[in-house]
Amino acid sequence: MNQRFLEVIQREKPDYLFVQLIYDEFLIETLSRIRSIAPDCKVINFCGDDDSLFFNYSVLFLDYINYYFITQPAYIRNYEKYGKKAYLMLGYL
């Protein structure tokens, strides 16, 4: 799946890529290759489970994601500590 995904990125050269990384859908190498295939592509990730995923999963991908849509306001500070911008997906505090 990762190889086919990269083939689509190569063919389409998207401006934006919206993903929802929850488990091991994409290899880190795959996300890294997106930068070389489509360097202008902005990668956006939706994460609704920062309470269980941030410190043991999401932090692994911080170098490959440009923006985060999240659902837990308390985690905005965690993303900022790593120099990343996170936006509340649900639009309330």
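The values are calculated or read from the model by the stated rules, or taken from the named source; none is laboratory data. As the structure is a prediction and not an experimental result, all values here were calculated from the model. As a convention, Cβ positions derive from the backbone with ideal geometry for all residues, glycine included, and neighbour counts pool all protein chains shown. The accessibility values were calculated without ligands, DNA or RNA, using every heavy atom of the protein model including side chains. Shrake-Rupley method; radii C 1.70, N 1.55, O 1.52, S 1.80 Å.
Quick rundown of the values:
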| item | result |
| --- | --- |
| Nearest-ten-degree value, helix 28-37 long axis tilted from longest Cα axis of the chain | 60 |
| Per-residue SASA entry for Ile22, accessible area with 1.4 Å probe, Å² rounded to 10 | 50 |
| For Phe69, residues with placed amide H under 5 Å, excluding near neighbours | Asn45, Phe46, Cys47, Tyr87 |
| Proximal lysines to Lys42, defined as alpha-carbon separation beneath 16 angstrom and excluding residues fewer than eight positions away on the same chain | Lys13, Lys84, Lys85 |
| Relative contact order of the chain, defined on C-alpha pairs under 8 angstrom at six or more residues apart (%) | 24 |
| For segment 5-17, 3J(HN,Hα) per residue [Karplus equation, 6.51 cos²θ - 1.76 cosθ + 1.60, θ = phi - 60°, Hz, x = Gly/Pro] | 4, 5, 5, 5, 4, 4, 6, 8, 6, x, 7, 9, 9 |
| Probe 1.4 Å - accessible area at Val59, Å² to nearest ten | 40 |
| Surface accessible to a 1.4 Å probe, per residue, for the residues of segment 12-77, Å² | 56 |
| Fraction in percent of alpha-carbon pairs per bin - 10 Å, the chain | 16, 50, 28, 6 |
| Rounded to the nearest 10 Å², the accessible area of Tyr16 at probe 1.4 Å | 150 |
| For the chain, calculated [θ]222 nm from helices alone, where every DSSP H run of n ≥ 4 adds -39500 (n - 2.57) | -9000 deg cm²/dmol |
| Extreme residue, positive dipole direction of the chain, given options Tyr57, Ile9, Cys41 (C-beta unit charges) | Cys41 |
| The chain, dipole about Cα centre (Lys/Arg Cβ +1, Asp/Glu Cβ -1), debye to the nearest 20 | 280 |
